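The values are calculated or read from the model by the stated rules, or taken from the named source; none is laboratory data. Keep in mind it's a predicted model, so treat the numbers as computed, not measured. Neighbour counts run over all protein chains shown; Cβ positions are idealised from the backbone, glycine included. In case anyone asks, the SASA skips ligands and DNA or RNA and just uses the protein heavy atoms, side chains included. Shrake-Rupley method; radii C 1.70, N 1.55, O 1.52, S 1.80 Å.
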Amino acid sequence: MDKRLTHILPKVQKPARYTGGEYNQVIKSKADVDLRMALCFPDTYEIGMSNLGIKILYGITNEMEGVWCERVFAPWGDMENEMRKSHIPLWALESGDPLSEFDIIGFSLGYEMAYTNVLNMLDLAGIPIHSSERTELLPIVFAGGTSCCNPEPMADFFDLMAIGEGEDMNRELLLLLREAKRGGWAKAEFLSKAAEIGGIYVPSFYEPFYNSDGTLSELRVKDGAPELVTKRIVEDFDNSYFPTSPVVPSTEIVHDRVTLELFRGCIRGCRFCQAGYAYRPVRSRSVDKLEEQGIASLENTGYQEITLSSLSTSDYRPLGRLCDGLLDYCVPRSIGLSLPSLRADNFSIELMGKVQQVRKSGLTFAPEAGTQRLRDAINKNVSEEDLLNTCRIAFEGGWSNVKLYFMLGLPTETDEDVLGIADLAMKVLALWKQHASNKSRGVRITVSTSCFVPKPHTPFQWEAQVDMDEYRRRVSLLRSHLRAKAITYNWHDADTSLIEAVLSRGDRRIGAVIEEVWRSGGKLDSWSEYFSFDRWISAFEKCGLDPKFYACRERNIDELLPWSRVSMGVKPEFMWNERQKCYRAELSPDCRKKCTACGALSLMSGGRCDE
Ligand code: SF4
């Protein structure tokens, strides 16, 4: 670590973010490695260290012979100022070495509002931000993660982007880079070979052309690159890598616990949910594997809490058996077992009772929409009866803290649907008054609404986002009908949601806007103390682009979408059909009831989705 930091660390917030030296970090001798990878998370330490994807890639890459993978996080503003003042380049936590000494720099892109941090981190490392400026083979700068399913907004800044699950792709890329390094290849040669690896998107091999109305007319393929880049998945998920010795942070992080990954994908098909489609088909881990991984992780970290993660944990068939197995180990050691948000249609009081033996926490449900019509239109497949029944059981069971998540601005939403949210919350309150077994502490019902953001690779990818004034009108309509003291109402601001919608469905011209925002001081945009809506708006003006063209404009079926050279396995015609069903408020069965032939099955050589 740069010696000058010893004088700086005492001056900044949470200095442990920058020191490394944590329990279970991987240190290798440079003499034993011929490839060095910097694994970058474009946000702060406490967010990045909670990310399971980072733990998996860090562990699996460091298992490779001769490869050393080190962690890098975005510095908070106070540390960045000190670094710029003292000309200290961004460094990796394990060795303390600047990023310019690494062969390959990988960014995990899971959230659009972190885009400006990528540019800021490259700049702090003294590495040119544009791929076209980096003419030498090393360092290769690439990205992976869910947001790459629309690679175009960040295309100018990355040499390549990994679409889908990284476990195998990352390995194949590193082996190719080793060959390139040993062979003295030029960057172009490496990129054209990399484009042959399944799931790899090389932006410079696709050239965008536009119509006079601003829509995309063509994304021309060059240099023999694939017409369509199909995402990679880990097919044999049960036997895939899981990090049982994750790095234990030296300072508090957002999710400070062991996180077990039960399965990938989701059987449900909620029409707004990008992750639900992006991670299809469903692939699960067995109870035995999970118990083994859970106990090993707890033993290797000393954590006092373990959580069972997936997109819909209550859909994991043997959940009860898994909890029993883990609780046998956890309860005697006072280790808490937590379940993330549960679906209201398969909630079990017995399960909750078991899980909350050590620590009792609130209940969280996401009905998403206030009326049955709209829940059917978005294919949420949860009835009002499910939700109220579950709350009644919970109140009889002594729970008094319920969080309900909704979205505003969903396709086909009316004021009646907005008011439906208030009705539902009032009905939950009435249930508490009627059925609560423990009224001692009163009840807390928290209603939260976020603004719907249409996402690529979902049935709603063609939808217009409601404009901000309309979103705010719906927020105040709901507020005016949520008057009970026991009900708290929180809502997301519209500004961030508009920018997120632009970055989600933008084309390559949005890269110039992101750069302009960064050059005018933009960074850490997922933090309210740093996000500036005006800065984004003036950047759009400077680049001659209208954010509403990207966010609030409906696309028709013939329009060429910026992500059209990427397939996440689900067929576009399936998506369009699901969108039509939304307008008829028609449900689709979940994968367990009936396969609706979404196309994801084609990714499985075994020809079966284990739903
Ligand atoms: S192929 Fe069928 S079972 Fe598999 S994810 Fe798609 S709809 Fe579900």
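Consider the range 223-274. How many of its residues are on the phi > 0 side of the Ramachandran plot and within 15 Å of the ligand (Cβ to nearest atom)? Number of matching residues: 2. Does at least one position in the range 368-380 carry a residue that is open to solvent by 40 Å² or more (accessible area, probe 1.4 Å) and without any contact (Cβ under 8 Å) to a residue 24 or more places away in the chain? Among the residues of the range 368-380, at least one is open to solvent by 40 Å² or more (accessible area, probe 1.4 Å) and without any contact (Cβ under 8 Å) to a residue 24 or more places away in the chain, which makes the answer yes.
Within the set 446, 390, 458, the sole residue that is more than 30 Å from residue 574 (Cα to Cα) and buried (at least 22 other Cβ atoms within 10 Å of the Cβ) turns out to be 390.
The single condition among (1) more than 27 Å from residue 375 (Cβ to Cβ); (2) more than 14 Å from the ligand (Cβ to nearest atom); (3) not in a loop (DSSP other than H, G, I, E, B) that residue 562 does not satisfy is (3). For the range 442-481, the set of residues classified as in a loop (DSSP other than H, G, I, E, B), under 26 Å from residue 379 (Cβ atoms) and aliphatic (A, V, I, L, M) consists of 453, 464, 466, listed by residue number. Taking the condition within 24 Å of the chain's Cα centre (by Cα), within 26 Å of residue 266 (Cα to Cα), surrounded by 23 or more Cβ atoms within 10 Å (Cβ to Cβ) and not hydroxyl-bearing (Ser, Thr, Tyr), does residue 421 pass? No.
Given 548, 542, 581, which one is of a type in the set (D, E, K, R), outside any loop (DSSP other than H, G, I, E, B), modelled with pLDDT of 95 or more and within 14 Å of the ligand (Cβ to nearest atom)?
581
For the range 273-301, residues that are over 13 Å from residue 329 (Cα atoms) and either among the hydroxyl-bearing types (Ser, Thr, Tyr) or open to solvent by 30 Å² or more (accessible area, probe 1.4 Å) (or both) total 9.
Counting only helices (runs of 4 or more DSSP H) wholly contained in the range 1-92, the ones carrying 3 or more residues that are on the phi < 0 side of the Ramachandran plot and either of a type in the set (Lys, Arg) or open to solvent by less than 20 Å² (accessible area, probe 1.4 Å) (or both) occupy 45-48, 52-62, 77-86. Here residue 594 meets the list (1) more than 12 Å from the ligand (Cβ to nearest atom); (2) more than 30 Å from residue 218 (Cβ to Cβ) almost entirely, failing just condition (1). Being within 15 Å of the ligand (Cβ to nearest atom), within 23 Å of residue 507 (Cα to Cα), polar (S, T, N, Q) and in contact (Cβ under 8 Å) with a residue 60 or more places away in the chain is the requirement here; does residue 588 meet it? No; evaluated as a whole, the condition is false for this residue.
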